[in-house]
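The values are calculated or read from the model by the stated rules, or taken from the named source; none is laboratory data. Source: prediction; values computed, not measured. Reconstructed Cβ throughout: ideal geometry from the backbone, glycine too, with neighbour counts over all protein chains shown. Please note that ligands, DNA and RNA were not included when accessible areas were found on the heavy atoms of the full protein model with its side chains. Shrake-Rupley method; radii C 1.70, N 1.55, O 1.52, S 1.80 Å.
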Amino acid sequence: MIQAVLESGLRQTMTRLVRPLLHPSVPVRLQRRLISKAYLTSVPPRGTRFEDIEAEGLAMTRVCHGDNPDGVVLYFHGGGYIIGSPRTHRGITGHLARASGAMVIVPDYRLAPENPYPAALDDAETVFLALLEEGHTPTSLSLAGDSAGGGLAIALAMRLRDKGFPLPSSLMVMSPWTDLSNTRLYSPEYEPVLQRPWIDKAARLYCANEPVANPYISPVFGDLSGLPPLLIQAGSQEILLNDARRLADAANRDSVDTRLEIYNSLWHVFQVHAGQLARATGALNTAGAFIRQHLRP
């Protein structure tokens with residue numbers, strides 16, 4: 001009963017406070033400031049340690065929970081490639097660090113419109129290769145992300161494969177944005193977070209002059225063969241549900257070991273409420289177990 005009331009309250013909070021901020025009329029720089037305040041309600045578990053570090057000139061945050069983390073999760077934050085940062089995602093990455101038992105690295109990758117495609121993908125590749133150069137084996141690495149960060153994780157795996165680099169042990173994505181044409185969006189009865197005009201604007205700013213069907217931008221249009229095991233989580237109350245379903249279909253088509261989990265009556269990246277909402281905590285625990293299953297430190 002308490003969880004049902006909490007779920008309803010969080011849904012209303014997202015609708016009334018977050019969704020209005022994600023409107024194309026709100027300037028991107030203002031959105032960045034306001035959304036960073038909204039994310040203060042997403043709290044990491046007690047005992048999580050955050051350390052700001054740098055590699056190859058790129059700022060990032062190292063997240064650990066526990067004294068002896070095994071393996072590394074390279075995590076890409078969401079925000080439509082135009083907002084968000086490692087700081088906004090401290091709650092979700094802290095819970096993922098606890099659930100996976102791994103160290104979580106969150107790059108502060110470059111954002112559009114100042115830095116459109118391929119800046120984010122270039123930064124993602126740079127960090128992954130830097131981890132290899134530090135001595136981490138590919139089997140000890142996992143890629144993860146939410147929303148645009150989920151799409152970025154898939155795109156990075158595709159680029160690594162195409163360049164002949166070693167691949168990580170697994171991929172875990174939450175509410176991934178995998179088709180930036182936004183032409184086959186889902187139509188839920190109720191969408192508490194996203195609205196199409198905003199994601200259309202974000203797509204234009206990120207793509208700039210690049211075709212939206214570029215598989216490194218919209219992975220559902222690409223060949224996913226050879227990618228590592230993939231876990232996809234999404235809520236039934238989000239317009240990006242079809243992106244998750246289509247990613248799963250494409251991965252299954254290309255013989256990728258794939259699992260799709262749809263959480264009924266939950267919204268876009270509901271996992272930010274881990275530690276408060278039991279189903280969000282459970283979803284990240286499932287994600288952590290999936291990552292641990294495949295990591296070989």
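Would you mind finding the one in L17, L34 that is under 19 Å from G84 (Cα atoms), modelled with pLDDT of 90 or more and aliphatic (A, V, I, L, M)?
Every option except L34 fails the conditions.
Go through the range 139-161 and report how many residues are part of a loop (DSSP other than H, G, I, E, B) and under 22 Å from D70 (Cα atoms).
Residues that pass the stated criteria total 0.
Within the range 14-34, track down each residue that is out of contact with any Leu (no Cβ under 6 Å at 6 or more places or on another chain), open to solvent by 50 Å² or more (accessible area, probe 1.4 Å) and in contact (Cβ under 8 Å) with a residue 12 or more places away in the chain.
L17, R19, H23, R32
Would you check if there is a residue in the range 258-275 being acidic (D, E) and free of Cβ contacts under 8 Å to residues at least 40 places away in the same chain?
There is at least one residue in the range 258-275 that is acidic (D, E) and free of Cβ contacts under 8 Å to residues at least 40 places away in the same chain.
Among A202, A234, A213, which is among the small types (G, A, S), in contact with a helix residue (DSSP H, G or I) (Cβ under 7 Å, 6 or more places away or on another chain) and either under 27 Å from L295 (Cβ atoms) or assigned to a helix (DSSP H, G or I) (or both)?
Within the list A202, A234, A213, the selection yields A234.
Applying the selection to the range 98-120, what residues are open to solvent by 20 Å² or more (accessible area, probe 1.4 Å), in contact (Cβ under 8 Å) with a residue 40 or more places away in the chain and of a type outside the set (A, V, I, L, M)?
Answer for the range 98-120, where residues must be open to solvent by 20 Å² or more (accessible area, probe 1.4 Å), in contact (Cβ under 8 Å) with a residue 40 or more places away in the chain and of a type outside the set (A, V, I, L, M): R98, G101, D108, P113, P116, Y117, P118.
Could you tell me whether any residue of the range 240-256 is more than 14 Å from L171 (Cα to Cα) and β-branched (V, I, T)?
No, the range 240-256 contains no residue that is more than 14 Å from L171 (Cα to Cα) and β-branched (V, I, T).
I'd like to know if the range 162-185 contains one or more residues that are in contact (Cβ under 8 Å) with a residue 60 or more places away in the chain, in a helix (DSSP H, G or I) and farther than 14 Å from L241 by Cα.
Taking every residue of the range 162-185 in turn, none turns out to be in contact (Cβ under 8 Å) with a residue 60 or more places away in the chain, in a helix (DSSP H, G or I) and farther than 14 Å from L241 by Cα.
Just one of Y216, Y263 is aromatic (F, W, Y) and within 22 Å of S181 (Cα to Cα); which is it?
Unique residue meeting the criteria: Y216.
Scan the range 206-237 for residues that are surrounded by 19 or more Cβ atoms within 10 Å (Cβ to Cβ) and aromatic (F, W, Y) and jot them down.
Within the range 206-237, Y206, Y216 qualify.
What about L167, is it touching a Lys or Arg at 6+ places or on another chain (Cβ under 8 Å) and either of a type in the set (A, V, I, L, M) or under 13 Å from L121 (Cα atoms) (or both)?
yes
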